[in-house]
């Protein structure tokens, strides 16, 4: 049976939208960018022209009222994700939403309820799960070639200067939902979680170390116990002069490492066998690829799932595990006690917002 | 005034003793190896011959009874350090003791009391404090050239196989005092403490991840808050296939990194300026050195202190800060709660032994 | 006295033109882009709009007839450089010409004659001479801090696939003047020459190793003797899967290395002291810079020279040394004998074209 | 049939002898060190004791007169290799001789004649041919997986200070046979030749750049054309502050690189695929090994050949190709003209000594 290309719309034409348009263009026979939505009509028009989208609409509501759309790419600010996603679901469209998918577990559970009611899906963009190295790592781990997982480290050490935070929506709980935990490190520890599976307990600290004009943390650190027994250290920072995104997995039979900044190819991964385990080198390099991790890779997996009628990745269930990790990290950092998976129920202040209780640092200077 | 060389004795002629003899030989006009002590007479004799020490004694007691010694290098197993050090002090000799200096805070405080009574000193070998890079880093930090310290990571990711742990004293609380926290990572986080100063709080986890024949942990992880506000992550492991000793300091004005294994030269350090702070490069490289960190470097500082009549480094006060950190890490890991500096008093089970309470893992297999 | 900004025109709006416009924008008070010339009116208009140039002209002749221009940036194909440069000089304008400045020594000498007649200058773009690292290296070498220069290597190992050479003007002597020697490696060995000074003798080989549709070489190698005694190896390639631009200078007191691809910052340089010469580290890093080598850096030097009324770099005299090196490399490769500086006079076939005699490889396949 | 271990003797117990003894010990069931010969009886005795060799002889002649030996390891100075090897052959023993095997092609051909007469073999130690990476590289190249070989570079950039050359036999044609070409770079370009096969033409330069007390060159450079069309650059130096032994092979389908100093494991090799040739990664890592290149690896191949009754590697024929390359490099450097394989016949001054004619540098200072 011939597959009609899915009709895709991009909502919000800021910087990240181009990555989505590019990803769609990489699958010309499977999906077509048919519409663009932005409150700013000039920006919407320019984007539509650049990417040859036939339709421009001033709002998602007007688009959905007049056009059939199979997949909506939500590239708007985080605080709008939940209501827009729900609107899409009710209109019969599936959603691919940029990270962070929502500002809270509460909002995420709202989306999940509507998804269940409507039978439509919401997937979150965590594109680093889909690079060749990440796929290979999970494959080798599941097949047992690496032995048991023992420990891991996950460092997001980035640098954002004062100019970056001069934008008024930056560094505020109500617009960004959090600091480098929610906005930067999430890419890396979501990948960590995709490899190591369910986490059991988080102990964390957080601080506003250098950027005193921001309300959120600018550094956080967590120790994590996973259900499979792995111990992991997670560090998130936007005050680190030498920038790197680095993950390390110490398995019984090999150390696997990824060191990149904002996207990786197989060249950014390395594997070091334990004594007597040289075979893992051959397994690792057997399907070497030069492709960079990115939105196109995830879109392939999303389209495959739509074809198969299953929930496209990263599914709401998987997304919830990562978002619950974020909430747990904040709660542990703000309360000083470990948090176990499942601890944060609907009545928990960290269920409704990531800074469930006030941050443990002094009042913020007037902007 | 002409300086008579200090008379030095080495007690215990196992593997590490050669590093001490080599260090003494590097200062021929300031110190002389005059005696060697070992229960194993053959080994003592061979060592004395190799390093041209005129006297061999079967025990420290017999040596001290018959010879004047200015400085005793204690290279015996950790469990003997406290009684031997006290014996030296009472005999009027100063002591340079290998790490870990004692098995507990209790023993360390015993030594400190006798040191105060006798006016003689005990210094602990933490040679990595004395390499050119570490000295430079502390100097630049104190002078303010690096700005405030924001965050740090300290990873001791080593690999010890089953054969290593086949020795019966390995991996047991009563003989080694602990696992990679006490025996391996201590080198690195002692260096961390020497740069960042007093620590305030430790939250930790520990596990026996892979070496099930050992009683102690084989992995530990800690989050540390320092008095100067720095947040740090510390990881200690003996189950990591790719081995590295890595420290990273993110200051406001630069990232300073050290990556080596068992000893470093300036080539193992790097510095990355924050935007606009290129001057730190010039400051860092102004006194570049090709010398490797090691016992000879620390011995220079010890002899300088003896000459000046002051407590040689690493002093008992500084040593206590590191040993209290070890005890706090274990207590936090075993009890699940943060530990603040000063929390572990004489009545605390972690004061008398590092595994104050039973380790949180299952019974150890018979050897 | 207030300096009126120099009026600059860009002729040829292909890919490299943007680097010139960007460089001009970096000096807003010293130079202004006042005109753009391109045979393709649409492309010229778009470029002028993008860079806010008030005037667009269909030809250099028409521009010079109607507007005063102080500095013409020649970004047209190499075969047009000589006639256009001479036209500028005769109209009273100075010229900054992209590399290769001409197709032959003959053309370059023609330009030099007109420059002398008119008192106007032609400078060639060799931007890598002007990065912070190159400036520092020449400074330390001249000051004697590195000792004598002993040997050097200069590798341009790039990769250009069949698609690259599908453009009809690529890989042909009459349009590009040569292969990777003339078009790619020239950047690197010009930097080499700027450090080591006059060359004395060249022995070379060249081959068409992999790209059989091109007429020129795709690999060349040369051994060079410099007047200061240095021996150097130069390799130029467009068939090398791992791409790198690498220079290495072995002085008595240090090895200085540069490893980059198409542009460098100080992070791409390293220095390794000879035993006992650790001081060079401090000298090297004393003025560390994060600026990337590029057109803006050279433009600074060009504007300084125009202000001072001197010949702007890279002067015709310096350019001739590099172009004579190219001709000598080809002559040695094609004739099998060493070529000394000065050997290639006006009657030499390699004076009029770089492939003075037929290349020593078989007939080229029809395009 | 049970194999009796071969009876091996080591002649000359200087520094390199231990590598041979260690290699023999790695094959306890295939070869036994039965005798040690050295003019210095004390040194011979100590070496025999250390490596448990039952027999010590003051000269090879006396040893051969009284004992049966299957394999003689010649570790004496280069000027003695030819007469000692011939003595062994006539006594019925096979020989494994350290590099350089002789001081001249003439001596090598003398050995070859006696080998043919006696049916006994002489193999030269070029241990880097036998590391896992070199074996794999030749295998992949021969199987065609890398495509055609296009260009190569081979850099031996080492550093030897004045103290090294203070030994009176260093740096003299009559005792060492040459400088870094004959004594240091030979390891690397022999490996190059083992991969690329027969060479056709060499053009070279050489100089005494820094060590004015030596008679030989301290730097040499060559351009080489191989029979398969590869162009290669070879650089040999003992005046390079940052030391490295680096080979690079640019094939059509991949770049293969080796960067080490005095011995390599698979970690010192890397492979970079050309676009579309990612499969070579898997082929390269399929049989990854942690073993270091060294004498033990070559000895395995030698013993295999003795078992099979064939000439053990590196055979006299292969050795001659490398030695002829050395002679050609010197002749080209000293005469200024290219040298082709086969050019150096028995009447050529470079046939009888590597400095066939006087070196092109000024008279040597008195020692």
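In whole percents, the pair-distance distribution calculated for segment C:145-304 from its alpha-carbon pairs, binned every 10 Å from zero, is 10, 33, 34, 18, 5, 0. Only helical runs count toward this figure. For chain D, summing -39,500 (n - 2.57) over DSSP H runs of n ≥ 4 and dividing by all residues gives -10000 deg cm²/dmol at 222 nm. Think of the axis that spins chain D onto A; the D residue whose C-beta lies nearest it, and the distance in whole Å, is D:285, 2. When residue C:291 is represented by a point 7 angstrom out along its Cα-to-C-beta vector, the spacings to that point in the other copies are 3.8, 4.2, 5.5 nm, nearest first. Projected label points at residue B:287 and residue D:317, each 7 Å from Cα along the beta carbon direction, are separated by 6.4 nanometres. The label point for residue C:142 and the one for residue D:164, both projected 7 Å from the Cα toward the Cβ, are 3.3 nm apart.
Kirkwood hydrodynamic radius of segment B:244-293, from the reciprocal of the average inverse Cα-Cα distance over all distinct pairs: 11.5 Å.
Secondary structure note: in segment B:92-234, about 65% of the DSSP beta bridges are antiparallel. As an equivalent ellipsoid, the protein assembly as shown spans semi-axes of 52, 52, 32 angstrom, where each value is the square root of five times an eigenvalue of the C-alpha gyration tensor, largest first. Based on the reciprocal of the average 1/r between different C-alpha atoms, the Kirkwood radius for segment C:1-142 equals 15.7 Å. Across all Cα pairs in segment C:107-147, the calculated P(r) in 10 Å bins from zero up to the longest distance comes to 25, 27, 26, 21, 1 percent per bin.
With its label point put 7 Å out from Cα toward Cβ, residue A:62 sits 4.3, 10.0, 10.8 nm from the same residue's point in the other copies, in order from shortest. Would you compute the Debye intensity of segment C:227-367 from its alpha-carbon atoms alone, equal scatterers and no solvent, and pass along log10 I(q)/I(0) at q = 0.10, 0.12, 0.19 Å⁻¹ to two decimals? Here log10 of I(q) over I(0) equals -0.57, -0.81, -1.30. Taking other C-beta atoms within 10 angstrom as a stand-in for reagent exposure, A:257, B:62 fall in the order B:62, A:257, fewest first. Under the Kirkwood approximation applied to all pairs of distinct alpha-carbon atoms, what is the hydrodynamic radius of segment C:277-316 in Å? For segment C:277-316, inverting the mean 1/r across all distinct Cα pairs yields 12.4 Å. Dividing the alpha-carbon radius of gyration of chain B by the rule-of-thumb value 2.2 N^0.38 Å gives 0.99. Remark: segment C:285-363 projects, on average over all directions, an area of 9.3 nm² (convex hull of Cα atoms).
Placing a label point 7 Å from Cα along the Cα-to-Cβ direction at residue C:212 gives distances to the equivalent points in the other copies of 5.4, 6.2, 7.1 nm, listed shortest first. Cβ-to-Cβ counts within 10 Å put B:116, A:107 in ascending order as B:116, A:107, the fewest first.
Counting other Cβ atoms within 10 Å as a rough exposure proxy, the listed residues D:43, B:320, D:136 run D:43, B:320, D:136 from fewest neighbours to most.
Inter-chain Cβ neighbour count for A:225-235, averaged per residue, equals 4 (cutoff 10 Å, partner chain atoms only).
None of the figures in this text is laboratory data; all of them are computed from the coordinates on show. Small disclaimer: the values here were computed from a predicted structure and weren't measured. Here Cβ is always computed from backbone atoms with ideal geometry, including for glycine, and neighbour counts include all displayed protein chains.
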